[in-house]
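Each remark here refers to the structure printed beneath this line.
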Amino acid sequence: MKRSIGWQKFLLLALSLLLLIGAAGCKAKDTTAGEETKDGKTKLTIWLWPGMGIEDQIKQYAKENNIEVDIQLSEFADVHSNLTTSLAAGSGAPDISAVEVKGIDKMKAAPDAFYNLYDLGADELKDNYLDWKWKQAETPDGKNLLGIPTDIGPQALAYRVDLFEQAGLPTDREEVAKMLQTWDDYIKAGEQMKEKTGKAMIDSPNGIYAVIEGQGNEKYYDEDGNVIVKDNPQIKKAYDYAMQTIEKDLTAGFTQFEGEWGSGMANGDFATVLAPAWMQLNIMNNAPDTKGKWDITLLPEGAGNWGGSFLTIPKESKNAEEAYKLIKWVLSPEQQLETFKSKGLMPSTPGIYEDEAFTSYTSEFFNNAPTAKIYGEAAKQVKPIVEGPDSIQIEEIMGDAVERVRDGKATPDKSWKTAMDQLERELSR
Amino acid sequence: MSTNVGVEKGKQSLAVPKQKRFTKQSTKDNISGYLYISPFFILFSIFGVFPIFYTAYISFFKWPILGAKEFVGIQNYQMLFTDPTFWKALGNTFSIWVISTIPQLFLALILAVILNQAFLKGKQFFRLAAFLPNITSLVAVAIIFDAIFGEKYGILNYALSVFGLDPFNWKGSYFGTHIAIASMVMWRWMGYNAIIYLAALQSIPKDLYEAATIDGASKTQQFFKITIPMIRPMIIFTVILSTIGGMQIFTEPLMFSGGGGGPLKQGLTLTFYLYEEAFVRNSFGYASAIAWVLFLIIILFSIVNQFITSRIKSAD
Amino acid sequence: MKEVGVKWYSPGRIIVYAVLVIMTFLSLFPFYWMLVIGSNHTSAINKFPPAMVPGGSFIENAQKVFSNIDFFAAIGNSVIASTAITVTVLFFSSLSGFAFAKLHFKGRKFWFLFVLATMMVPAQLGIIPQYMIMSKLGWINSLNAVVIPSMVSAFGVFWMRQYISATIPDELIDAGRIDGCSNFRLYWSITLPSIRPALATLGLITFMGVWNDFLWPLVVLKERSVQTIQIALRTLNGAYYTDYAMILNGTFLATLPILIVFLLFSKQFIAGLTEGSIK
């Protein structure tokens, strides 16, 4: 029993230490919205995720305007779930929170949880931003505006020059764009690719599906907010092309962002990726050895958009005016140009697409393509699309439908029917 | 001094003679018993009770988290029982639980016995190694299992091709997904359970074995007649915990199958489903109903478990 | 225990060692692989066959980690939270476990089942109501929100109760009573010294559990200065692109402290299991 005394002493010591810590009080840092610091300075709490590239400008603004900012970085998904939790619980939301485009559709179900930025004077800014992007943050009736646009994710076609050459296809970006006027052209080129090189044309059938469904005038919802998936010809078209790539064996069958997808990219298993602007980073980092083998051009039948975010002001904020002023400045065309120059994020203000710094930008990795200019053109082609509160859910159901066929678990017709049944069931509750 | 030599379960009142100067042992036991268990119940009443009742309350509402609550009675529960996704999730949960838990506990016991062998050199090292998977970060684990079970560049399919077998789409099928998730669970928790068994094995008096050896009992006999009965409380402990853990399995399927549990919902478990309903689809009322049904399933299951494990004991 | 007639190279022993070597390999590999990727460029994951030896970018990746997060402060917070929870869990759980195993108070069966039942509540749904409680208490962005609710665990109570009832014979308790021990002394001087293996195991499991937990902490710890290491590491994930080399480097660095603690205490912890046996 002698040996055991050490243990007990340890326990006792540790316990008393703990009480000490407790007594000293791990005091909570009060960081909820709407605080003022001791010297009367306004303090803004701001939630962002890493890589948004606007922290420096926020700090600069705070310094110049004599306010205090507390930037709290969390992981992308965590910012959204934390915001949801705080809003549901009714406390703890910040003065400003970033929200991604998919998240904003969910938030639109509860516009009362946020300041209507039109009330704060956002109308005057409207013309600075891309129309389709602006509409994403508007409630369907157009009366409420939840957020001001940050970056966008217009899509273009990233292709492997070397594989195109082997397949006997044109390699110059202008010529490739001319050859690929329609998705039928794209499929035809894909067949040639398969025949000549044995390589797949596209990484995943879901890629082509997602792009085509976004190229129509309407996607899942009509203007009145009704779900129209079943009857929208554009959705059917997107699905059919995705099925074609599977039937004709033009897809490499990967799931995007999974580990293997990166391996396939590095190994040159597929000749094209339908890539939003930010995907350049993925390609460059997943397959650094393919530098110079890629080029970028416009997509067939118009562009699409994938991703991009907004800055919102939750209702809990007591400094909405100050928060709005900060947002207005940080996301102004001039500052978005700065963000583009330093971080490469695609601006949502078309006015600067003509700027010299913008048009002259070329990417060495992508065969010296003027990527900014191409993405700028793509951005202007994007059509405004009405999204709804269940958009994420529908997107997942449709994506699963494509994957089931890809994995050989269902015929195209059966998988489509399964998806429609599921849709009806889930949206009814 | 109170003399309570005869203290036996349930018989104290007979055995304790009346004494004036001392409180009765049973009263003392009552006081200190409740005092000693109070920390748990105090904390639970502060942090645990409210969420449980809140969840029960919310399960009768339609509540899209950010909007207004709307009372719908038992509609959520009615929908639940006709919801094929729920039944699928239930089936997945059981399937994954069976293929991960049963072999896992069995192998853990064997591993514990091996680690307890007197002749073993480097005991400390091996015990450390057995526990290591449990402290390895899930991020790393996810990336690695991705690399093992990939269809095109997976290590496992590569191994199959060496034997002339066709590559298998692990992620795209029920069977493959369940096997992959179960192996992830086994990898993380087998050593953990082995260490728990080991702690129990260490407490078995060595003279029991010595006596048995002298009596001519074989190793196998000793294992079933001494080891198993002696560590029975610990076996029950791990069985119950694995059941609870298995019914609530969440992180592994989420990491392996991604959002929604895959195109066939092959990786969607009950907790995963309730998480998706609550935080992806924002239907908090429905998610609360799932939570309560899940709660009842676990209780039911633990009772069945208890019944089976007690039968094992009475068999010998 | 000497086993007569069994040579070191008997087939049984060879199998035993073979099994252990395989197990060790499987356990160590992911850990090793973290180091491999953490010291390479991210694209090393995408090679086929993948990289198997450490590369030369360890320092570079580590610098990225340090510049992105406040690594040491986060480790400090994790140490505080894990230690505080482990110590209290050990004390309160063994005390409750002792009461449930050895004290014959009224309704103990019922309360014990109650403890078990609390483990069956799925944690995910508690997040919003718990968050409400924490914000009422003013503990958002305070380690209190992580430490205080976890000071005693149902798991710990259950474990201790099972262990104590399996290993401490009733006669020992009765003998203690004859000697005039109070209930607390029965716990402190008789039970506690005899359950060292169980304390060691529970301590280890609790410490690791807190260290790796993120579901709850990430909801309540948003302020950088109070974040635990797992939460801080999550902010290494970019929204558009994930730098696995940097993340695994950070993860590797974050595992080092607990590995060291583990190794240092392994004598007391796991090896202590052997000496700790009471008979």
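The values are calculated or read from the model by the stated rules, or taken from the named source; none is laboratory data. All values reported here derive from a predicted model rather than from experimental measurement. Glycine gets a Cβ as well: all are built from the backbone with ideal geometry, and neighbour counts include every protein chain shown. SASA here: full protein model, heavy atoms, side chains in, ligands and nucleic acids out. Shrake-Rupley method; radii C 1.70, N 1.55, O 1.52, S 1.80 Å.
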> Looking only at other chains, what is the average number of their beta-carbon atoms within 10 angstrom of each beta-carbon in B:72-81?
Replying inline: 1
> Rank A:Lys343, A:Lys237, A:Lys133 by accessible area, highest first, at a 1.4 Å probe radius?
Replying inline: A:Lys343, A:Lys237, A:Lys133
>> Using a 1.4 Å probe and counting only protein heavy atoms, how much accessible surface gets buried when B and A come together, both sides summed, in Å² to the nearest 100?
In response: 2500 Å²
>> Leaving out ligands and nucleic acids, and using a 1.4 Å probe, what accessible area per residue does the protein assembly as shown come to in Å²?
In response: 41 Å²
>> Roughly how large is the B-C contact in terms of buried accessible area, totalled over both chains, probe 1.4 Å, nearest 100 Å²?
In response: 8900 Å²
>> Show me you know the interface measure: the accessible area buried between A and C, both chains summed, probe 1.4 Å, in Å² to the nearest 100.
In response: 4200 Å²
> Can you give the helix-only mean residue ellipticity at 222 nm for chain B, where every DSSP H stretch with n ≥ 4 adds -39500 (n - 2.57) and the sum goes over all residues, rounded to the nearest 500 deg cm²/dmol?
Replying inline: -21500 deg cm²/dmol
> Of the peptides A:330-336, A:412-418, how do they stack up when ordered by the mean number of other Cβ atoms within 10 Å, highest first?
Replying inline: A:330-336, A:412-418
>> Per DSSP helix of 4 or more residues, -39500 (n - 2.57); summed, then divided by the residues of chain A. What does that give at 222 nm, rounded to the nearest 500?
In response: -14000 deg cm²/dmol
>> Quick check on the protein assembly as shown: of the DSSP beta bridges with both residues there, what percent are antiparallel, nearest 5%?
In response: 70 percent
> FRET efficiency for C:Ile178 and B:Gln117, Cβ-Cβ distance as r, R0 = 45 Å, nearest 0.05?
Replying inline: 0.70
> Per residue in the range C:221-247, which ones lose no less than 50 Å² of accessible surface when going from chain alone to all protein chains (1.4 Å probe)?
Replying inline: C:Lys222, C:Glu223, C:Arg234, C:Thr235, C:Ala239, C:Tyr240, C:Tyr241
> Which value, in Å² rounded to 10, gives the accessible area of A:Arg160 with a 1.4 Å probe and all protein chains present?
Replying inline: 10 Å²
>> Given N residues in the protein assembly as shown, what is its alpha carbon radius of gyration divided by 2.2 N^0.38 Å?
In response: 1.01
>> What does the structure give for C:36-49 when I average, per residue, the other chain Cβ atoms found within 10 Å of the residue Cβ?
In response: 5
> What part of the accessible area of chain C, given as a whole %, is carbon or sulfur when the probe is 1.4 angstrom?
Replying inline: 69 percent
> Using a probe of 1.4 angstrom, how much of the accessible area of the range A:94-214 is carbon and sulfur, in percent?
Replying inline: 43 percent
>> For chain B, set up a GNM with springs between Cα atoms under 10 Å and report which of B:Ile249, B:Ile298, B:Ile46 has the largest fluctuation.
In response: B:Ile46
>> For a Förster distance of 30 Å, can you work out the FRET efficiency between the beta-carbons of A:Lys248 and B:Asp166, rounded to the nearest 0.05?
In response: 0.90
> When you look at the Cβ of every residue in A:274-287, what mean number of other chain Cβ atoms sits within 10 Å?
Replying inline: 3
>> How many angstrom lie between the Cα centre of the range B:68-96 and the Cα centre of the range B:244-316?
In response: 12 Å
> Given the options C:Val87, C:Val79, C:Val21, which has the most mean-square fluctuation in a GNM of chain C, springs set between C-alpha atoms less than 10 angstrom apart?
Replying inline: C:Val21
> Which of the helices in chain A, when you take each full DSSP H run, stretch at least 27 Å along the axis at their Cα atoms and have an average Kyte-Doolittle score of 1.0 or higher?
Replying inline: A:4-24
>> Can you give me the distance in nm between label points at B:Leu208 and B:Lys24, each placed 7 Å from the Cα along the Cα-to-Cβ direction?
In response: 3.5 nm
> Which listed residue (B:Ala159, B:Tyr197, B:Gly246) has the Cα farthest towards the positive end of the charge dipole for the range B:74-315, taking +1 on Lys and Arg C-beta and -1 on Asp and Glu C-beta about the Cα centre?
Replying inline: B:Tyr197
>> 7 Å from Cα along Cα→Cβ at both A:Glu165 and B:Gln75: what's the point-to-point distance in nm?
In response: 6.4 nm
> Where the accessible area of the range A:255-380 is counted over protein heavy atoms with a 1.4 Å probe, how much of it, in %, is carbon and sulfur?
Replying inline: 48 percent
> Across the range A:286-429, how many lysine pairs, 8 or more apart or on two chains, come within less than 18 Å at their alpha-carbon atoms?
Replying inline: 6
>> Quick check for me: using +1 on Lys/Arg Cβ and -1 on Asp/Glu Cβ, what's the dipole size of the protein assembly as shown about its Cα centre, in debye to the nearest 20?
In response: 6380 debye
> How big, in percent, is the set of alpha carbon pairs in chain C lying more than 33 Å apart?
Replying inline: 41 percent
> Using a simple spin-label model with points 7 Å from Cα along the Cα→Cβ vector, what separation in nm is obtained for A:Asp185 and B:Phe224?
Replying inline: 7.7 nm
>> Mean-square fluctuation check for chain A, GNM, Cα pairs under 10 Å: which of A:Ser81, A:Ser204, A:Ser391 is largest?
In response: A:Ser81
>> Step by step: find N for chain A, compute 2.2 N^0.38 Å, then divide the Cα radius of gyration by it. What's the final number?
In response: 1.14
